[in-house]
Each structure stands twice: as C-alpha cells, then as structure tokens.
Amino acid sequence: MNPTFAYPRHFSPGLFRAGLLDWFAEHQRPLPWRTEYTPYAVWISEIMLQQTQMDRGVSYFNHWMERFPDISSVARAPEDDLLKAWEGLGYYARVRNLARAARRIMELHGGVFPARYEDILALPGIGSYTAAAVASIAFNADVALVDANVNRLFARLFDIDAPLNLTATRNKIVAMARDLLPPGKAREYNQALMEFGALVCRKKPLCGRCPVADQCESLRLGITAERPILAERPDIMHVTVATGLLRHPRRPEELFLQKRRDNDVWPGLWEFPGGCVEAGEHPEDAAVREFAEETGIIVRVREPIAVIRHAYTRYRVTLHCFWCEYISGPADNPTLTEASAFRWVPENRLTDFAFPAGFRKLVDMLDKRPPLSRGVS
Ligand code: SF4
C-alpha cells in the first residue's frame, strides 16, 4: 500500500485503468494536436488551453500554427506579432515566455524540443504541470499529470473530503495519479483522465454514462454533488476606469496609442491612456487627468464614445471612453509615465495592434462604424 493514501475498499486499480482507457479509445475528441503529437504542437496547446474553453482554444491553436508553424518561427517573430496572435486569450506573460522558451530551444537544443522532463521544466514559463504535459503527451514519458478535471474526478472517485486548494489534497491526488499510471501508457492515460473529467465527470457529472461508476466511492455514498469540496471564491471587485482617444493635432486621421510596460499587467499590449476614476471624480475629468499624468499632453473631452463593460479574473470593469481634443503639450514627444512606447496610428490600422480585452471591444466597435463616420470625432 502507498504510505500517503489508501484506496477505498471497493476500488480496483486494474478495472479503473481498463475502463478509463477503453472509454478514451472510443470517445476522445479529434483535436488537432492529437494527429501527430509533435512536442511543439502539444506545448502550444497546453499553454493556450490553460484558462480557455476547448472550442476557443482549438480556433486559436489552428490560427497560431498557420502563422507560426514551428519553434524557429516563434523564436524569430517580433513580439507584437506574437501578442496579436494571442490577443483575446489573456495571460499575456505566457506568450512572451513562449518566445523566450523558443529562443532558448534554438540556442541550447539546436531547435529540437528537449525530451527530458527536467530539461523541459528548465525552459522559461514552463512549470511542473506543463513540463509533465509535454513529457507525457508528446514523449509518452511516465509522468503523472493532474489538472482541474483530474482533481474533480479523483475527489469524487475517492470521496476526498478536503478542499482542493490545499497543498496536502493536491499532493495526495498527484500521488494517486502517479500510482495508477500504467507504465508505457502515459500519453493515453493522462489524456484519458483529463478528457473524462471534462466530458463525463464534469461539474454536473453524467454518472449514468460513466464506465467506472462501480469504482466511484462518492456515487456509492450518494454524495457526488458534495464533491469536490471547493475553496471559497474571492470577492468580486468592481472598478470604474476612464480613457481618452486623441487625434494628432496636425494629422487628425491618427490616434494616440501607448504600449504597456514589461512589469505591468498585460505587458507589451497597446492601449489608449486612461486609468481608475477616483472617488467623487467624474469619468470625463478622470480621462483628462489620466491623459495629462501619463503623457504630459493636455486634452479636454469632446464627446463620449461608449461605456464598455468587461470582466477578468475577479474584476468587473466599467470603462468610460471619450473622444478628446488636443489643447497643448508635447504631442510628438510625450512624457510617458505609464508606458514603454507610443505611436500615432491611423484609425484604420488600429486593428493591427494587440489590446487588452476592454480596449479590444472599443477598437472593434470603432472598426464597425460606417465609413462616413470614421476620421471625424
Ligand atoms: Fe464521476 Fe459520476 Fe463517474 Fe463518479 S460515477 S466518477 S461522479 S461520473
């Protein structure tokens, strides 16, 4: 018996493995990286699918592989091109780490993705989960892999009555996944666990279709709805933000954009100047104040454009957007306090740039305006 845990009395490791692998052979989804299991494709899919729905992830994956078909194309690509291809997926540090890892693979491994778990783990932006995913799925190495789906499945299967966010709970599940891993079959077994958790033992489990139901302790006890035990959700934070769009004083077809700094949230993405509305402040005044603080350019609000609402992690953001008018200040040599670079960009080229989600909605809205209303604020 493993010293860190004991399986329930009714559980048979052999029957569980067989039921799971048979189910996967018949029901696995035909995902694009499952055709050849190249390490590059598996790596990209794993990074993209973290925090992203599968349908959306597949669409981004296909577009990415057309644009950057191999490691060297990522290593050579300008950062703005990578960010643009990633735009909308969020967690932008990932794509920058991906570029750093690609360059490291070119330098240290001659452009060939390393096969050893330790070498994969040493690449920038790759943690233990992604290293285990690439090692097991691309190289079929005997490494256990536990994602949120597997955590949920095991919590029900083994009636684990402790919250999943506890390190001890996670360590126990990893130990069980490792113990159950059939040697030489990590590619199928790891994917089967995750796929089964995503499609059958999902948030509302489909126990009537479960091929391992007779192995499931929480089903036997009639408490599947009470497993897993979840950590308390953090409070939702509501934030009000204002931003200003400014036309160049002599080239009115061009709008001011600035690039977010490396140590900010959404590093490297582009935005219009703006920031949080302070207590008691009107959003119009906040847009004017933020423009001056972030660029040294003095503007006044000409008219409102839209109020855009979006959510990320635990934040709910209300973004007030205004057309602004140039008053004074260094339009061609702004004093950037919150950005690493600036550009005056023709309005019809805005969609070439990568923006955080709220600004993306604004840019898409401007892009859909009828042609006659463009270029005139
Ligand atoms: Fe999940 Fe239900 Fe199967 Fe148990 S019986 S493993 S809860 S799908």
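The values are calculated or read from the model by the stated rules, or taken from the named source; none is laboratory data. Bear in mind that the values here come from a model prediction, so they are computed numbers and not experimental data. When we count neighbours, we look across all protein chains shown, and the Cβ atoms used for this are built from the backbone with ideal geometry, even at glycine. Please note that ligands, DNA and RNA were not included when accessible areas were found on the heavy atoms of the full protein model with its side chains. Shrake-Rupley method; radii C 1.70, N 1.55, O 1.52, S 1.80 Å.
Points worth noting:
- 1 or more residues under 16 Å from Gly19 (Cβ atoms), of a type outside the set (A, V, I, L, M, F, W, C) and more than 16 Å from the ligand (Cβ to nearest atom): qualifying helices (runs of 4 or more DSSP H) within segment 157-223: 186-199
- Residue in segment 146-163 that is over 21 Å from His10 (Cα atoms) and either buried (at least 20 other Cβ atoms within 10 Å of the Cβ) or among the acidic types (Asp, Glu) (or both) present: yes
- Only one of the numbered conditions (1) under 23 Å from Glu36 (Cβ atoms); (2) of a type in the set (Ser, Thr, Tyr); (3) open to solvent by 10 Å² or more (accessible area, probe 1.4 Å) is violated by Ser128, and that is (1).
- Hey, Val288 of a type in the set (A, V, I, L, M) and either without any contact (Cβ under 8 Å) to a residue 24 or more places away in the chain or open to solvent by less than 20 Å² (accessible area, probe 1.4 Å) (or both) or not: no
- Scanning segment 105-156 for residues that are within 16 Å of the ligand (Cβ to nearest atom), touching a Gly at 6+ places or on another chain (Cβ under 9 Å) and charged (D, E, K, R) returns Asp147, Arg152.
Residues are listed down the side, and each one gets a yes or a no for (1) among the β-branched types (Val, Ile, Thr); (2) open to solvent by less than 20 Å² (accessible area, probe 1.4 Å):
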| position | (1), (2) |
| --- | --- |
| Val301 | yes, no |
| Thr335 | yes, no |
| Ala339 | no, yes |
| Met365 | no, no |
